[in-house]
Amino acid sequence: MERAALQLVSEQPTADTWQRLGLARYLQNRFEPAMTAFNEAIRRSPSLWTAHLFLGISQYRTNQFPLALAALEQANRLAPQGAAGRDDVDYWLGATRVALRQPLAGLEALERLLARNPRHLQALQLSAETYAETASALWNRVANRAFNTAAGQEVHGYAMESEGNRAGAVEAFRNSLAKAPQRPGPGAALGRLLLKEGAADAAVEVLRQELRNDPTSPEANLYLGLWALREKQPEQALGPLEKASAWLPGNEEPALALCQAYLALGNFSGAIAAARLAVQADGRSLAGHELLLAALAAANDRPGWESEQQRWLRRQARP
């Protein structure tokens, strides 16, 4: 492949043939000679955005991150919005910025890519890793600056939880509440963790206190509603879950729980409305789909049931 590309360059030394030579070397992981060819292609045609792209990728792979960023930014400026290689431009631009310790700028490029292609596995993985590392770094910075304050202990609790240290997180959230009992925030997190630990009585007490401090807390309402639903007390679950669903419109969890509470109480119109909220929050949710079907069946709404089945089939058929 490289031999043919070299022959073509000798016969027709154009930007395109130099780029082909660069690609032949790139595919062999011979990045240094590939960069020589891409640079020559760019010299002959500065607007050849694909040469800038593969030059930047080659520089990234050889740890020349500042040079890679310059090349990829140029590719980003030159590439048409609908170009087939747009995903590659945004992915490598994001990866390079992350490597240069510019995580927020890197995430901006990755999110641009994921908005177009939500199933781009490399972008999903890199985004998740970058979000986690960035959040941990920000938490640690806040905690280190004000470790012995209520805010510092709350941040420390989230950092402990992100590291899998649930006991340390519980202790930190308790410390935060002890330093500022009226301060909203850590109570919801503490209540959630206590529920996971099986300490339901302590969790409910903490969550109720959190709602006295901040009646608008979506998280405290959600966890209190989930607890009541688990305890087979749908009447008590209804109020908190209605508030959580209204204040967390993009989250399917409170809507799903609210649907279950309505079903348990025989309020089928309420269950249908709640299930539709869940589907609206995440049209790919199997739980939302199944609960909506159950609510429609309970209400003997055959047209609605068939309509939801058709929506689900159309959704499943999408690439």
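The values are calculated or read from the model by the stated rules, or taken from the named source; none is laboratory data. Keep in mind it's a predicted model, so treat the numbers as computed, not measured. Cβ: placed from backbone, ideal geometry, glycine included. Neighbour counts: every protein chain shown. Heavy atoms of the whole protein, side chains included, go into the accessibility calculation; ligands, DNA and RNA do not. Shrake-Rupley method; radii C 1.70, N 1.55, O 1.52, S 1.80 Å.
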note = Sorted largest first, the C-alpha extents of segment 152-218 along its principal axes in whole angstrom are 30, 26, 20
message = As an exercise, use a Förster radius of 35 Å and the Cβ-Cβ distance of D201 and A298 to find the FRET efficiency, rounded to the nearest 0.05.
response = 0.55
message = Starting from 0.36 nm per residue, how many nanometres of slack lie between L121 and A167 once their C-alpha separation is accounted for?
response = 13.3 nm
ask   = If you average 1/r over all unlike Cα pairs in segment 192-310 and invert the result, what Kirkwood radius do you get in angstrom?
value = 14.5
task = Could you calculate the contour length gain from L265 to R284, that is, 0.36 nm times the residue separation minus the distance between their Cα atoms, to one decimal place in nm?
result = 4.2 nm
key: Per-residue HN-Hα couplings for segment 95-104 [Karplus 6.51, -1.76, 1.60; θ = phi - 60°; Hz; x = Gly/Pro]   = 4, 5, 5, 5, 4, 8, 6, 10, x, 5
note = Computed about the Cα centre, the charge dipole of the chain from +1 Lys/Arg and -1 Asp/Glu charges at the Cβ has a magnitude in debye, to the nearest 20, of 620
Rounded to whole Hz, the Karplus (6.51, -1.76, 1.60) HN-Hα couplings of segment 292-304, x for glycine and proline = 5, 4, 5, 5, 5, 5, 4, 8, 6, 9, 5, x, x
ask   = Per residue, how many Å² of accessible area does the chain show with a 1.4 Å probe?
value = 52
key: Inter-label distance for N63 and A128, nm, one decimal - labels placed 7 Å from Cα along Cα-to-Cβ   = 2.8
message = Which of rounded, prolate or oblate describes the chain when judged by the alpha-carbon gyration tensor and an a/c cut-off of 1.5?
response = oblate
request  = Mind jotting down a quarter of the surface of the convex hull over the alpha carbons of segment 213-257, in square nanometres, one decimal?
outcome  = 2.8
request  = Apply the Debye scattering formula to segment 34-89, with a single equal point scatterer on each alpha-carbon and no solvent, then give log10 I(q)/I(0) at q = 0.25, 0.27 Å⁻¹.
outcome  = -0.94, -1.06
task = Could you work out the Rg to Rh ratio of segment 1-114, with Rh taken as the Kirkwood radius (inverse of the mean 1/r over all Cα pairs)?
result = 1.00
For segment 271-282, Karplus couplings with θ = phi - 60° (6.51, -1.76, 1.60), whole Hz, Gly/Pro x = 5, 4, 4, 5, 5, 5, 4, 5, 5, 5, 5, 8
remark   = Rounded to the nearest 500, the 222 nm mean residue ellipticity computed for the chain from DSSP H runs (n ≥ 4, each -39500 (n - 2.57)) alone is -25500 deg cm²/dmol
request  = Work out, step by step, the length gained on full extension between E32 and T14: first 0.36 nm times the residue separation, then minus their alpha carbon distance; give nm to one decimal.
outcome  = 4.5 nm
query = Which is farthest toward the positive dipole end of the chain among A115, T14, Q316, measuring Cα position about the Cα centre, with Cβ charges +1 (Lys, Arg) and -1 (Asp, Glu)?
reply = T14
inquiry  = Along the charge dipole of the chain, pointing to its positive end and built from +1/-1 on Cβ of Lys, Arg, Asp and Glu, which listed residue (L286, L195, Q81) has its Cα farthest out?
reply    = Q81
key: Carbon + sulfur, % of accessible area of segment 247-319 - ligands and nucleic acids excluded, 1.4 Å   = 52
